[in-house]
Amino acid sequence: MKKKNKIKIKINGKDLFIAEKTTAYSLVNILKLPLKKIAIEKNRKILDKKKLKKIILKNKDKIEIVHFIGGG
């Protein structure tokens, strides 16, 4: 099911429709995640957080996001 001006990506195993030309940085903001406490992988490659604003997500990209949790 393709929606107009939308692409389908998979985040941590779940499908999500987002606007075309969405950057990895915008995705983090959409999901309301703390950038300093996560690691992002796109298609099995870890993304450099300094380059997130330039990385444009494409249809069928597979994104994995992990949270760092402190403890002791």
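Here, each number is a calculation from the coordinates, and none is a lab measurement. Remember, it's a predicted structure, so these values are computed and weren't measured experimentally. Every residue, glycine as well, gets a Cβ built from its backbone with ideal geometry; the counts of neighbours run over all protein chains shown.
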How many of the residues making up the stretch 57-72 are over 17 Å from Ile7 (Cα atoms) and assigned to a loop (DSSP other than H, G, I, E, B)? 5
Regarding the stretch 36-56, can at least one residue be identified that is surrounded by 12 or more Cβ atoms within 10 Å (Cβ to Cβ), of a type in the set (Gly, Ala, Ser) and not in a strand (DSSP E or B)? no
Scan the stretch 9-24 residue by residue and report those that are in contact (Cβ under 8 Å) with a residue 24 or more places away in the chain and outside any loop (DSSP other than H, G, I, E, B). Ile9, Lys10, Ile11, Ile18, Thr23, Ala24
Give the residue, chosen from Leu27, Leu35, Leu47, that is in contact with a strand residue (DSSP E or B) (Cβ under 6 Å, 6 or more places away or on another chain) and of a type in the set (A, V, I, L, M). Leu47
Return the pairs, sorted by first residue and then second, in which the second residue is exposed (fewer than 10 other Cβ atoms within 10 Å of the Cβ) and not hydrophobic (A, V, I, L, M, F, W, C), the first residue lies in the stretch 51-71 and is over 17 Å from Ala39 (Cβ atoms) and in contact (Cβ under 8 Å) with a residue 24 or more places away in the chain, the beta carbons are less than 9 Å apart, and the residues are 6+ apart or on different chains. Asn59/Lys2
Within the set of pairs 6+ apart or on separate chains, which have a first residue in the stretch 25-47 that is under 20 Å from Gly70 (Cβ atoms) and touching a residue at least 24 places away in the same chain (Cβ under 8 Å), a second that is of a type in the set (Val, Ile, Thr) and part of a helix (DSSP H, G or I), and C-beta atoms under 8 Å apart? Ile38/Val28; Ile40/Val28
Can you pull out every residue in the stretch 4-34 that is under 11 Å from Asn59 (Cβ atoms) and more than 12 Å from the chain's Cα centre (by Cα)? Lys6, Ile7, Glu20
